[in-house]
Amino acid sequence: MKLGIIGLAGSGKTTIFEALTRDFAGSGNKADTRLGTIKVPDDRVDALSRIFAPQKTIFAQVSYFLPGKGAQKKDGGRDESAWTAARDADALIHVVRNFRQFGLEDPNPADDFTSLDQELIIADLMVVEKKLERMAADSKKALKSDSEERLLLEECKASLDAEIPLRRVPQLAEARVLRGYAFLSAKPMLVLFNNTDDDQTAPDDPVFAHDPHMVIRGKIEHELAQMSIEEAAELLVEFDISAPATDRVIRKSYDLLGLISFFTVGEDEVRAWTIKNGTVAIDAAEVIHSDLKKGFIRAEVTGYDDFMAAGSLAEARKRGTFRLEGKTYVVADGDIITIRFNI
């Protein structure tokens, strides 16, 4: 899972990136894209590791990156190259300033959000128009083009011309034919309101009704990320923070992308795997290794809660909560799975 952090200048997106990744050693060159990969905190992995005492414990991972600023055009606009890295993201985190700062105008979250969203729309519109122009030129030369792709691109153009981001049009955002374009406005978006230390209130404006959003107090979270566990615990209580930003944003990121975790366990390794909600057993097997899908026989499955209640796989078998499932079984969050296969 890879999420790009975007936002207008002064929104605090660098502060948020560093708070989430604990990467405080940027190059100093704002044109460079920064990438931080962190483990996904999961108490279930910790508990399974204590029980199996494996040689290795592997958590799921999530990557956050901060796209470089890119070149500035003479008219003050942003060059398309500024969005190249963001097109590689599975989703976008849009940091919106909701704090006052000396030298800056009072925050206007709705206007700021709309302004950057318009940049995404314009960047996508440029891509669509160029492709449609090429298709039109090819048709004049009697060269064939994909009619389904052309029709979908025309629908994209209509939506973008109407200033509607493609993520609000599911049949376009999810169209397989269009995946290669990696449209920015089609990517799922989580809005982070960057608030002052003493403010936990989200702006109340209908412009935010379409996208999931949450409040984060960036300055405090940046401080927390540099503290010991003991020091951080005191600050969490003082500022009434339920969990560090890393934990809360990851949970929201999983929800945003419809992701769940399943586990493989044993003396060698306890490991968390990330899949889309609704994935069937044979496709989950492929996530572990392609050979497991090719030679899939069955999946041995028990839910995490059932396993913890039983205390062992042997006891789960006795209780009937460790069961055999076929290739079409829909994997549930927290499933502990062993894939039986033969090649």
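Restricting the first residue to region 223-246 and requiring it to be closer than 14 Å to Ala19 by Cα, which pairs with a second residue that is among the charged types (D, E, K, R) and in a loop (DSSP other than H, G, I, E, B) meet a Cβ separation below 6 Å and a spacing of at least six or different chains? So the pair list comes out as Ala225/Arg22.
Please count how many residues of region 211-255 are assigned to a loop (DSSP other than H, G, I, E, B), within 19 Å of the chain's Cα centre (by Cα) and small (Gly, Ala, Ser). I'd like the intermediate steps shown before the answer.
The first filter runs over region 211-255 and keeps only residues assigned to a loop (DSSP other than H, G, I, E, B), leaving 211-212, 217, 225-228, 239-244.
From the residues that got through so far, the ones that are within 19 Å of the chain's Cα centre (by Cα) too are 211-212, 243-244.
Now restrict to residues that are small (Gly, Ala, Ser): 243.
Qualifying residue count for the region: 1.
Is it the case, given these coordinates, that Val270 is farther than 16 Å from Glu325 by Cβ, aliphatic (A, V, I, L, M) and part of a helix (DSSP H, G or I)? Spelling it out, it is not the case that Val270 is farther than 16 Å from Glu325 by Cβ, aliphatic (A, V, I, L, M) and part of a helix (DSSP H, G or I). Restricting to region 2-23, name every residue that is of a type in the set (Gly, Ala, Ser) and in a loop (DSSP other than H, G, I, E, B). Selection gives Gly7, Ala9, Gly10, Ser11, Gly12. Select from region 38-58 the residues that are in contact (Cβ under 8 Å) with a residue 12 or more places away in the chain and surrounded by fewer than 13 Cβ atoms within 10 Å (Cβ to Cβ) and list them in ascending order. Listed by number, the residues that qualify are Ala53, Gln55, Lys56.
Given the criterion within 20 Å of Val45 (Cα to Cα), crowded, with 17+ Cβ neighbours inside 10 Å and not charged (D, E, K, R), identify the matching residue among Ala272, Ala243.
When all the criteria are applied, what remains is Ala272.
Picking from residues in region 18-35 that are surrounded by 13 or more Cβ atoms within 10 Å (Cβ to Cβ) and of a type in the set (Ser, Thr, Tyr), the one that is modelled with the highest pLDDT is Thr21. Taken over region 99-113, residues that are of a type outside the set (A, V, I, L, M, F, W, C), surrounded by fewer than 17 Cβ atoms within 10 Å (Cβ to Cβ) and either more than 15 Å from Pro206 (Cβ to Cβ) or touching a residue at least 40 places away in the same chain (Cβ under 8 Å) (or both) amount to 5.
To keep it simple, each residue is scored yes or no on (1) more than 27 Å from Ile229 (Cα to Cα); (2) of a type outside the set (Lys, Arg); (3) at pLDDT 95 or above.
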{"residue": "Ser242", "(1), (2), (3)": "no, yes, no"}
{"residue": "Ile250", "(1), (2), (3)": "no, yes, no"}
{"residue": "Ser253", "(1), (2), (3)": "no, yes, no"}
{"residue": "Val270", "(1), (2), (3)": "no, yes, yes"}
{"residue": "Asn277", "(1), (2), (3)": "yes, yes, yes"}
{"residue": "Ala281", "(1), (2), (3)": "yes, yes, yes"}
{"residue": "Glu286", "(1), (2), (3)": "yes, yes, yes"}
{"residue": "Lys293", "(1), (2), (3)": "yes, no, yes"}
{"residue": "Val301", "(1), (2), (3)": "yes, yes, yes"}
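Glu148 meets all of the listed conditions (1) modelled with pLDDT of 95 or more; (2) surrounded by fewer than 18 Cβ atoms within 10 Å (Cβ to Cβ); (3) not in a loop (DSSP other than H, G, I, E, B) but one, namely (1).
Of all residues in region 309-338, those satisfying the criterion of being of a type in the set (A, V, I, L, M, F, W, C) and crowded, with 17+ Cβ neighbours inside 10 Å are Ala310, Leu313, Ala316, Phe322, Val331, Ile336, Ile337. For region 197-210, does any single residue satisfy the condition of being in a strand (DSSP E or B) and in contact (Cβ under 8 Å) with a residue 24 or more places away in the chain? No, region 197-210 contains no residue that is in a strand (DSSP E or B) and in contact (Cβ under 8 Å) with a residue 24 or more places away in the chain. Looking at Ile38, Ile51, which one is part of a helix (DSSP H, G or I) and not charged (D, E, K, R)? Ile51 is the lone residue from the list that is part of a helix (DSSP H, G or I) and not charged (D, E, K, R). In region 296-343, the residue that is nearest to Arg271 (Cα to Cα) out of those that are among the small types (Gly, Ala, Ser) and outside any loop (DSSP other than H, G, I, E, B) is Gly303. Going through (1) modelled with pLDDT of 85 or more; (2) in a helix (DSSP H, G or I) one by one, Asp138 falls short only on (1). For region 169-196, the set of residues classified as in a loop (DSSP other than H, G, I, E, B) and of a type in the set (A, V, I, L, M, F, W, C) consists of Val169, Ala175, Ala182, Phe183, listed by residue number.
The values are calculated or read from the model by the stated rules, or taken from the named source; none is laboratory data. Here the structure is a predicted model, which means the values were calculated and not measured. Positions of Cβ are backbone-derived with ideal geometry, glycine not excepted, and every protein chain shown enters the neighbour counts.
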